[in-house]
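Any read-out appearing in this document is the output of simple, stated calculations on the displayed coordinates, not a laboratory observation. Source: prediction; values computed, not measured. Cβ: placed from backbone, ideal geometry, glycine included. Neighbour counts: every protein chain shown.
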Amino acid sequence: MQISELSRRSGVAVATVKYYLREGLLPEGARVSATRSEYDDAHLRRLALIRALIGVGGLGVAGAKAVLDEIDDPPESLHEMIGSAYTRLPGAVPGAGAAPEGAADRASLLLRDLGWDAAERECADEVAGLARAIGAIDAAGLELSREDLAAYGRAMGVVAQREVQRTPSESVPAAVRYVVLGTVLVEPLLLVLRRLAHVETSQRLLDAPPP
């Protein structure tokens, strides 16, 4: 198909398709003349992926390109791949620098309570983000006990176990795609489900008529 049909079938404007080509997000088509290239269904799938990363995923062009590079050139080990894929993604908690000492201690204690030794050892940036998140909660006066934090961690552990068990093992590229897209596209889903669950639970518990 020509670029005009690629645009029509994908819903992406021709100018945007050309921009993705220039930025290296979309592979070049097969050159059939000096001024014309042919594209195929793989380009359609790639455009859908780019739109998902930039749209729902909220990544900029540079972030989307980093994710696509990870998919195109994955590491050998599946475990190494997961860690490497996360380094290409924006941090879960914005900002940089050290959290207050008390928050850092609480983050470390939480990881020990959960038994997440590998996470603490291999994910320094995310651990720092966890400490910043706890520091912000503490600074706002929102009381979350050690038990509260552990409950959140265990709930995420259940989610992670289900997701990791579903990671494709037939090829590293397929696994990278699953992990990266699962992170970028499922995290907004988890946030929305949490908010909906709050509404549903508060209706049952807080609006229930007195006995």
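Could you tell me which of rounded, prolate or oblate describes region 1-48, using a ≥ b ≥ c as the square roots of the eigenvalues of the alpha-carbon gyration tensor, with rounded for a/c under 1.5 and, failing that, prolate when a/b is larger than b/c and oblate otherwise? Rounded.
Sorting check: for 150-157, 13-20, 139-146, which peptide has the highest mean count of neighbouring beta carbons within 10 Å, and how do the rest follow?
Working: 150-157: 12.9, 13-20: 14.5, 139-146: 9.2.
Top to bottom by mean Cβ count within 10 Å: 13-20, 150-157, 139-146.
For a test of the definition: using alpha carbon positions, the gyration tensor, and the 1.5 limit on a/c, classify region 94-161 as rounded, prolate or oblate. Show your work: numbers first, answer last.
Numbers: a/c = 1.77, a/b = 1.20, b/c = 1.48.
Oblate, since a/c reaches 1.5 and b/c is not below a/b.
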